[in-house]
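The values are calculated or read from the model by the stated rules, or taken from the named source; none is laboratory data. Here the structure is a predicted model, which means the values were calculated and not measured. A quick note on method: Cβ atoms are made from the backbone with ideal geometry, for glycine too, and the neighbour counts reach across all protein chains shown. The accessibility values were calculated without ligands, DNA or RNA, using every heavy atom of the protein model including side chains. Shrake-Rupley method; radii C 1.70, N 1.55, O 1.52, S 1.80 Å.
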Amino acid sequence: MKLPGFATLRISVLLICLVVVGLSSAHQHVYTRNWNQTLNVVVYPINGDGHLATARYIDSLENDDFDVINRWGQREAKRYDLNLPVPFDVQLGDPIVQQPPSFPDDGNAVDV
């Protein structure tokens with residue numbers, strides 16, 4: 001039985017879509033959702049309110065302050081049998097001095 005040209009085209013497009021979805025799913029499974037390397041996280045403190053007490057707190061921060069988060073991640077990795085001893089590494093970055101732009105009064109999600 002010979003299929004008309006439109007039916008052949010439609011089936012071809014659907015098969016291509018199926019292949020793309022399958023490859024995307026495989027990529028997410030292998031590279032995105034699997035923890036196969038340590039995720040490096042950097043925290044950049046910013047004094048958003050401009051208070052002196054906040055500035056002193058930011059100045060007192062050290063990398064060791066984030067060890068509790070790193071230990072929690074390692075404990076949870078063991079709990080869920082993750083084959084990665086250090087799932088993420090939270091480090092302190094340089095403080096950001098410049099304030100972020102203010103929220104636009106008539107802004108929508110795209111403007112923000």
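Filtering segment 60-94 to residues that are small (Gly, Ala, Ser), more than 13 Å from Val43 (Cα to Cα) and open to solvent by less than 50 Å² (accessible area, probe 1.4 Å) leaves Gly73, Ala77.
Here segment 43-58 is the region considered, the condition is being surrounded by fewer than 11 Cβ atoms within 10 Å (Cβ to Cβ) and more than 20 Å from the chain's Cα centre (by Cα), and the residue that is nearest to Ser102 (Cα to Cα) is Gly48. Taking the criterion of being touching a strand residue (DSSP E or B) at 6+ places or on another chain (Cβ under 8 Å) and among the β-branched types (Val, Ile, Thr), the residues of segment 59-96 that qualify are Ile69, Val90, Ile96.
Would you be able to say whether some residue in segment 33-42 is out of contact with any helix residue (DSSP H, G or I) (no Cβ under 8 Å at 6 or more places or on another chain), surrounded by 12 or more Cβ atoms within 10 Å (Cβ to Cβ), part of a loop (DSSP other than H, G, I, E, B) and not small (Gly, Ala, Ser)? For segment 33-42, residues out of contact with any helix residue (DSSP H, G or I) (no Cβ under 8 Å at 6 or more places or on another chain), surrounded by 12 or more Cβ atoms within 10 Å (Cβ to Cβ), part of a loop (DSSP other than H, G, I, E, B) and not small (Gly, Ala, Ser): present.
Within segment 95-112, restricting attention to residues that are within 24 Å of Ala55 (Cα to Cα) and not small (Gly, Ala, Ser), which residue is most open to solvent (accessible area, probe 1.4 Å)? Among those residues, the one meeting the criterion is Gln98. Of all residues assigned to segment 26-41, none qualifies as being modelled with pLDDT of 95 or more and at negative phi.
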